[in-house]
Amino acid sequence: MPALPVPERKMSTLILLTITGLGLGAMYFLIASGLSLIYGLMGVLNFAHGAFLTVGAYGAWFAESKLTAVSVLPRFLLAALVGLAVGAVFAALVELVLIRPLYKRHIEQVLVTVGLALAVSALVVAIWGNDARPFVAPSWLGETTSVAGAHIPNDRWVEIATAVVVLVALNAFLRRTRYGLIIRAGVENRAMVTALGIDVRRAFMLVFAIGGVAAAIAGVLSGVYFGTVDPARGTSLLIFAFIVVVIGGLGSLRGTAVSAVVVGLVQQYANYYASSGLGDLSVVLLLGIVLLARPGGLSAKLA
Amino acid sequence: MTAILSVSDLHVHLGESHILQGVSFDVPDGGVTALLGRNGVGKTTTLRALMGLVDRRGRVELAGESIQAAATYRIVQRGVGYVPEDRDVFAGLTVAENLRLAERDGEPRYELVYELFPELRQRAKQRAGTLSGGQQQMVAIARALLNENRVLLVDEPTKGLAPLLVTEVARVLERVSELTTVLLVEQNLGVVARVARDVVVLDTGRVVHIGPAKELLADTSMVNRMLGVA
Amino acid sequence: MKRSLIPIVLLVVLALVPQFSVDIPYVFNGSIDTPGTLQLLALCLLFGGVAMTYDLLFGFTGLLSFGHALYFAAGVYVTDVAITRWHWSFVAAIAFTALVGVLLPLALGAVSLRVGGIAFAMVTLAFAQAGSILVFKNPHKWTGGEEGLGADYTKLPQGLVGIFNTKHLYWVALGFAAAVFAIVQWAVHSSPGHVWQAIRENELRVQVLGLRPYAYKLMVFVLASFLATAGGVVYLLLLGGATPEVTSANFTLTLLVMVVIGGTGTRWGALVGGVLYTWANERLGDASSSHAVSSLPSVLRTPLQQPLFVLGVLFILVVFFVPGGIARFGRVRRLREVFQR
């Protein structure tokens, strides 16, 4: 890369970090939004959410490896769709088979999702091995676009755009449809929804499916971002998604979106301006500060 | 006169306490039956048990069909409306959304609701959480009136309201009772005297008195003994 | 036999294990006095003990922590780094580790206990993740990052080094498990112990009684974490080094699995769960390479090669069908004895 005048280089670095941070925040949002909705409506802390991501990513990767006859772009899009479908179906089945029979027993529900998280990642390792598998995306995604002197990898735009589309779509769904209304009301007071003659449990499978799709999207996008799919990624991204959810306030989509952006940016800036690896630590620090500053507000929302 | 709602030997345990210890009474079709008793004797729990919101044992029949094993939403779908204590409106939803959520099969009766509560029409787009207590009570009652019900369970609708609003709620209850049978939990004996035809009195989880409202309210010593108020 | 005698008899029997040359086919791969089997038994006892420390939080107080790995890892890494990188003596390293084992949970517990329930679970998870990141980041090349850090064995007590001394390590692990058992039993029957269990049942009621649940929760958090740190030191001695897996969230999850399989909030549940889980994890690994498994069709063989898959599924089945875990079986038996009398 040709040497740029110093101030300009600083500016371009800042832009690159910001866009990359937003891309990362986009992925956190995709995972955290489902977690937050599921917790808000059902009181279930879903440890298997990382498994949804893994299943979606491997679904897409597997489809891609089978669709060898198709050219790169349609193959990628088809594979991504397969991944999304796999994520949705898997999540809906988890709700139906494992969560529903334990209705109202929240601790058991959490425990079951813990067992599932362990079993799914072990199963993926058993079938496809511990190593990361290359995930082929259209070459355009690997190229860069210049913005004010900064060379931004194109996949960042796709991540950000996808998250914005998902946010807008989810918002429209929650505001404009009857099921959306039921979910918003159920997050506030589930018992009262049933006391209006509504079988709120029918919405449970729906939020799981939505969470599954969003996590699968994050799985496919993380496949593009890293160029691979990998059995451990679900868990490591899930931990940051948990942090995003706690900072944002459970059950609030807007809070989750804001918090995802903040966490993504803080992580990127700290990694670059302080020291590599410090980004992750500063996110934990951020969480500590938020909890110290307003534990009542947070725990009130969480109760 | 037939009973629209028939309760026999209803038991509820919450944790280690035996809250309802075999409650039995009938709600006759038409008019208002008031469920009375001192604080903590199990009035709210009785309504919640009828709605299936707490685990319960015993028999509950709605127009001759047993509903004690049904899920809450099915009980409501069979024609039991519920206006809970503390209103429980959805604070984050608008007034219109609160009402829309309550729509069930059949034609929602918006004309009736807006005739009784014209204010709700103007406040349709306002978040329910920003309404006053009286307005929230209107939303809670309106939600239940939107559908045709066989019986309406109303829990302390005048609690915490200013005197003027209490009169207003009493007027609404009178009007509602012309349309639907009402089982009303109420502490304000003025309201009871105005709207109730029959009374059921609970004490420590048991029914201790059933009879016409006028008879009970006329007997000061009985009122004093059973309700602890003059 | 008197109930209080059972643990003592069991301790004596277990202490004598290395003195006998008995072959238990299928259960162990070789006679019980061989170093391989003793090492496995020692690991079982160690994790039985660590599971009991987790049960103190989850089973007895109702605190669902997802960060217990941090305190165990602190025991492993602080001791290891102190002797291997800073060249401290073993005694100095242990003293320093003990200090960390009190101060670290005191500071982090004070923050995370400000929130309750699920938020507490996530905050503890986040703090543990910070520890994990720190270990992987390998600051000043202290922790060895992904590779882990082999302990400088010249600094370790000589009786605890080398394959011939495995039985000494076994006794150390047994001592740890016995000590944790005794401390947990004493603690849950002490007066703060009764408050912990009251908090589990109904925190509000504890508050109404005029007690501060926060102080009691912090107390049990520090105690459980300190004991886990001690377990980490035993782990370092047993394995002769540190590996970053002990810092991971998955490690805490396996502790949770052990406790739930064994039975939460009981006298023996966590210990039995920890021992069985560790044994199964090891032996399932061996079994997957055995003839019986390798002759299975691949649909069955592939998943069975991953102990964690088998244990994860087993765990789900226990949650569904054996609420109360293995300890419940013990209780059922006692009940029957009562009826027969």
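The values are calculated or read from the model by the stated rules, or taken from the named source; none is laboratory data. Keep in mind that what you see is a predicted model, and the values were worked out from it rather than measured. With ideal geometry, Cβ positions are generated from the backbone for all residues, glycine too; neighbour counts draw on all protein chains shown. Just so you know, the surface numbers come from the protein's heavy atoms only, side chains and all, with ligands and any DNA or RNA stripped out. Shrake-Rupley method; radii C 1.70, N 1.55, O 1.52, S 1.80 Å.
Per-residue answers, yes or no, for (1) β-branched (Val, Ile, Thr); (2) within 30 Å of B:Glu111 (Cβ to Cβ):
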| site | (1), (2) |
| --- | --- |
| B:Thr180 | yes, yes |
| B:Asn188 | no, yes |
| B:Val192 | yes, yes |
| B:Val200 | yes, no |
| B:Asp203 | no, no |
| B:Pro212 | no, no |
| B:Leu216 | no, no |
| B:Ser221 | no, no |
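Is it true that C:Ala228 is open to solvent by 20 Å² or more (accessible area, probe 1.4 Å) and either assigned to a helix (DSSP H, G or I) or farther than 22 Å from C:Gln185 by Cβ (or both)?
Against the criterion (open to solvent by 20 Å² or more (accessible area, probe 1.4 Å) and either assigned to a helix (DSSP H, G or I) or farther than 22 Å from C:Gln185 by Cβ (or both)), C:Ala228 does not qualify.
Quick one: in the stretch A:244-254, of everything that is part of a helix (DSSP H, G or I) and under 16 Å from A:Gly211 (Cβ atoms), which residue is nearest to the other protein chains (Cβ to nearest Cβ)?
The first filter runs over the stretch A:244-254 and keeps only residues part of a helix (DSSP H, G or I), leaving A:244-248, A:253-254.
Now narrow it down to the ones that are under 16 Å from A:Gly211 (Cβ atoms): A:244-245, A:248, A:253.
On the way: A:Val244: 10, A:Val245: 7, A:Gly248: 12, A:Leu253: 11 Å.
Here the answer is A:Val245.
Being in contact with a Ser or Thr (Cβ under 7 Å, 6 or more places away or on another chain) and either at pLDDT 90 or above or open to solvent by 30 Å² or more (accessible area, probe 1.4 Å) (or both) is the filter; apply it to the stretch C:113-134 and report the residue that is farthest from C:Ala73 (Cα to Cα).
Among them, the one singled out is C:Gly116.
In the stretch C:287-328, which helices (runs of 4 or more DSSP H) lie fully inside it and hold 3 or more residues that are within 11 Å of another protein chain (Cβ to nearest Cβ)? Before the answer, list the steps.
Numbers: elements: C:291-294, C:298-304, C:307-321.
Here the list reads C:298-304, C:307-321.
Restricting to the stretch A:24-61, name every residue that is touching a strand residue (DSSP E or B) at 6+ places or on another chain (Cβ under 9 Å) and either surrounded by fewer than 24 Cβ atoms within 10 Å (Cβ to Cβ) or away from chain C (no Cβ under 14 Å) (or both). Steps first, please.
Narrowing the stretch A:24-61 to residues touching a strand residue (DSSP E or B) at 6+ places or on another chain (Cβ under 9 Å): A:54, A:57-58, A:60-61.
Once the filter is applied, which keeps residues that are touching a strand residue (DSSP E or B) at 6+ places or on another chain (Cβ under 9 Å) and either surrounded by fewer than 24 Cβ atoms within 10 Å (Cβ to Cβ) or away from chain C (no Cβ under 14 Å) (or both), the stretch A:24-61 yields A:Ala57, A:Tyr58, A:Ala60, A:Trp61.
Quick check on the stretch C:135-154. Is at least one of its residues touching a Phe, Trp or Tyr at 6+ places or on another chain (Cβ under 7 Å), open to solvent by less than 20 Å² (accessible area, probe 1.4 Å) and modelled with pLDDT of 90 or more? Lay out the reasoning, then the answer.
Let us first name the residues in the stretch C:135-154 that are touching a Phe, Trp or Tyr at 6+ places or on another chain (Cβ under 7 Å), namely C:135, C:143, C:145-146.
Adding the requirement that they be open to solvent by less than 20 Å² (accessible area, probe 1.4 Å) leaves C:135, C:143, C:145.
Right, trim to modelled with pLDDT of 90 or more and you get C:135, C:143.
Yes: the stretch C:135-154 contains one or more residues that are touching a Phe, Trp or Tyr at 6+ places or on another chain (Cβ under 7 Å), open to solvent by less than 20 Å² (accessible area, probe 1.4 Å) and modelled with pLDDT of 90 or more.
Only residues that are under 26 Å from C:Val299 (Cβ atoms), touching a residue at least 60 places away in the same chain (Cβ under 8 Å) and more than 21 Å from the chain's Cα centre (by Cα): list them for the stretch A:99-128, please.
Scanning the stretch A:99-128 gives A:Val125, A:Trp128.
State the number of residues belonging to the stretch A:94-135 that are more than 10 Å from chain C (Cβ to nearest Cβ), more than 22 Å from A:Ser236 (Cβ to Cβ), surrounded by fewer than 18 Cβ atoms within 10 Å (Cβ to Cβ) and touching a helix residue (DSSP H, G or I) at 6+ places or on another chain (Cβ under 9 Å).
So the answer is 3.
Looking only at the stretch C:273-311, how many residues end up being surrounded by 22 or more Cβ atoms within 10 Å (Cβ to Cβ) and closer than 22 Å to C:Leu57 by Cα?
Within the stretch C:273-311, residues that are surrounded by 22 or more Cβ atoms within 10 Å (Cβ to Cβ) and closer than 22 Å to C:Leu57 by Cα number 5.
Scan (1) closer than 30 Å to A:Arg178 by Cα; (2) within 15 Å of the chain's Cα centre (by Cα); (3) open to solvent by 10 Å² or more (accessible area, probe 1.4 Å); (4) of a type in the set (A, V, I, L, M) for the single condition B:Ile4 breaks and write down its number.
Only one criterion is unmet by B:Ile4, namely (1).
Given the residues A:Leu170, A:Leu196, A:Leu206, A:Leu174, which is the only one that is farther than 23 Å from A:Gly21 by Cβ and either under 16 Å from the mean Cα position of the chain (by Cα) or within 7 Å of another protein chain (Cβ to nearest Cβ) (or both)? Break it down into steps so the answer makes sense when it comes.
Numbers: A:Leu170 fails: farther than 23 Å from A:Gly21 by Cβ; A:Leu206 fails: either under 16 Å from the mean Cα position of the chain (by Cα) or within 7 Å of another protein chain (Cβ to nearest Cβ) (or both); A:Leu174 fails: either under 16 Å from the mean Cα position of the chain (by Cα) or within 7 Å of another protein chain (Cβ to nearest Cβ) (or both).
Exactly one of A:Leu170, A:Leu196, A:Leu206, A:Leu174 is farther than 23 Å from A:Gly21 by Cβ and either under 16 Å from the mean Cα position of the chain (by Cα) or within 7 Å of another protein chain (Cβ to nearest Cβ) (or both), namely A:Leu196.
Being surrounded by fewer than 20 Cβ atoms within 10 Å (Cβ to Cβ), at pLDDT 90 or above and of a type in the set (A, V, I, L, M, F, W, C), is that true of even one residue in the stretch C:78-87?
Of all residues in the stretch C:78-87, those surrounded by fewer than 20 Cβ atoms within 10 Å (Cβ to Cβ) come to C:85-87.
After this cut, where a residue has to be at pLDDT 90 or above as well, the list is C:85-87.
Filter once more, so that each one left must be of a type in the set (A, V, I, L, M, F, W, C): C:86.
Yes.
Find the helices (runs of 4 or more DSSP H) located wholly in the stretch C:1-85 whose residues include 2 or more that are under 18 Å from the mean Cα position of the chain (by Cα) and under 20 Å from C:Val259 (Cβ atoms), and list them.
Working: elements: C:5-16, C:35-61, C:68-84.
The qualifying helices (runs of 4 or more DSSP H) are C:35-61, C:68-84.
For the stretch B:1-46, give me each residue that is free of Cβ contacts under 8 Å to residues at least 12 places away in the same chain and either assigned to a strand (DSSP E or B) or touching a Lys or Arg at 6+ places or on another chain (Cβ under 7 Å) (or both).
Passing the criteria: only B:Ser17.
Just wondering, is there one or more residues in the stretch B:91-99 that are facing chain A (nearest Cβ under 10 Å), part of a loop (DSSP other than H, G, I, E, B), on the phi > 0 side of the Ramachandran plot and open to solvent by less than 40 Å² (accessible area, probe 1.4 Å)?
No, the stretch B:91-99 contains no residue that is facing chain A (nearest Cβ under 10 Å), part of a loop (DSSP other than H, G, I, E, B), on the phi > 0 side of the Ramachandran plot and open to solvent by less than 40 Å² (accessible area, probe 1.4 Å).
Of the residues in the stretch C:43-66, how many are modelled with pLDDT of 95 or more and small (Gly, Ala, Ser)?
3
In the list A:Ala300, A:Ala241, A:Ala257, which residue meets the criterion of being farther than 30 Å from C:His140 by Cβ, within 14 Å of chain B (Cβ to nearest Cβ) and either part of a helix (DSSP H, G or I) or at pLDDT below 90 (or both)? Full working, then the answer.
Values: A:Ala241 fails: within 14 Å of chain B (Cβ to nearest Cβ); A:Ala257 fails: within 14 Å of chain B (Cβ to nearest Cβ).
The conditions single out A:Ala300.
For the condition under 30 Å from B:Gly228 (Cβ atoms) and open to solvent by 20 Å² or more (accessible area, probe 1.4 Å), what is the one hit in B:Arg78, B:Arg38, B:Arg74? Walk me through how you get there before you give the answer.
Numbers: B:Arg78 fails: under 30 Å from B:Gly228 (Cβ atoms); B:Arg74 fails: under 30 Å from B:Gly228 (Cβ atoms).
Matching residue, one of B:Arg78, B:Arg38, B:Arg74: B:Arg38.
Given (1) open to solvent by less than 50 Å² (accessible area, probe 1.4 Å); (2) more than 22 Å from A:Leu181 (Cβ to Cβ); (3) among the aliphatic types (A, V, I, L, M), identify the lone condition not met by B:Leu145.
For B:Leu145, the failing item is (2).
On the given criteria, is A:Phe52 at pLDDT 90 or above, farther than 19 Å from A:Ile217 by Cβ and under 16 Å from the mean Cα position of the chain (by Cα)?
On the way: at pLDDT 90 or above: yes; farther than 19 Å from A:Ile217 by Cβ: no; under 16 Å from the mean Cα position of the chain (by Cα): yes.
Judged against the criteria, A:Phe52 is not a match.
Filter the stretch B:201-230 down to residues that are in a strand (DSSP E or B) and of a type outside the set (Gly, Ala, Ser), then give me how many there are.
Applying the first criterion (in a strand (DSSP E or B)) to the stretch B:201-230 yields B:201-203, B:206-212.
From what's left, of a type outside the set (Gly, Ala, Ser): B:201-203, B:206-210, B:212.
Result for the stretch B:201-230: 9.
Just a yes or no: is a residue in the stretch C:104-111 in contact with a Phe, Trp or Tyr (Cβ under 8 Å, 6 or more places away or on another chain), open to solvent by 40 Å² or more (accessible area, probe 1.4 Å) and more than 11 Å from every other protein chain (Cβ to nearest Cβ)?
yes
Within the group C:Ala327, C:Ala292, C:Ala270, which residue is on the phi < 0 side of the Ramachandran plot, at pLDDT below 90 and within 21 Å of the chain's Cα centre (by Cα)?
Values: C:Ala292 fails: within 21 Å of the chain's Cα centre (by Cα); C:Ala270 fails: at pLDDT below 90.
Of C:Ala327, C:Ala292, C:Ala270, the one residue that is on the phi < 0 side of the Ramachandran plot, at pLDDT below 90 and within 21 Å of the chain's Cα centre (by Cα) is C:Ala327.
Scan the helices (runs of 4 or more DSSP H) fully inside the stretch A:125-232 and keep the ones with 1 or more residues being within 30 Å of B:Ala70 (Cα to Cα).
Values: elements: A:139-142, A:154-176, A:178-188, A:190-194, A:201-226.
Those helices (runs of 4 or more DSSP H) span A:154-176, A:178-188, A:190-194, A:201-226.
Do we have any residue at all in the stretch A:72-93 that's of a type in the set (A, V, I, L, M), within 14 Å of chain C (Cβ to nearest Cβ) and open to solvent by 70 Å² or more (accessible area, probe 1.4 Å)?
Filtering the stretch A:72-93 down to residues of a type in the set (A, V, I, L, M) leaves A:72-73, A:77-82, A:84-86, A:88-89, A:91-93.
After this cut, where a residue has to be within 14 Å of chain C (Cβ to nearest Cβ) as well, the list is A:93.
With open to solvent by 70 Å² or more (accessible area, probe 1.4 Å) added as a condition, the list becomes A:93.
Yes, the stretch A:72-93 contains at least one residue that is of a type in the set (A, V, I, L, M), within 14 Å of chain C (Cβ to nearest Cβ) and open to solvent by 70 Å² or more (accessible area, probe 1.4 Å).
Within the set of pairs 6 or more residues apart or between chains, which connect a residue that is in contact (Cβ under 8 Å) with a residue 60 or more places away in the chain inside the stretch C:300-313 to a residue that is outside any helix (DSSP H, G or I) and open to solvent by 20 Å² or more (accessible area, probe 1.4 Å) with Cβ atoms less than 9 Å apart?
If the second residue must be outside any helix (DSSP H, G or I) and open to solvent by 20 Å² or more (accessible area, probe 1.4 Å), no pairs are left.
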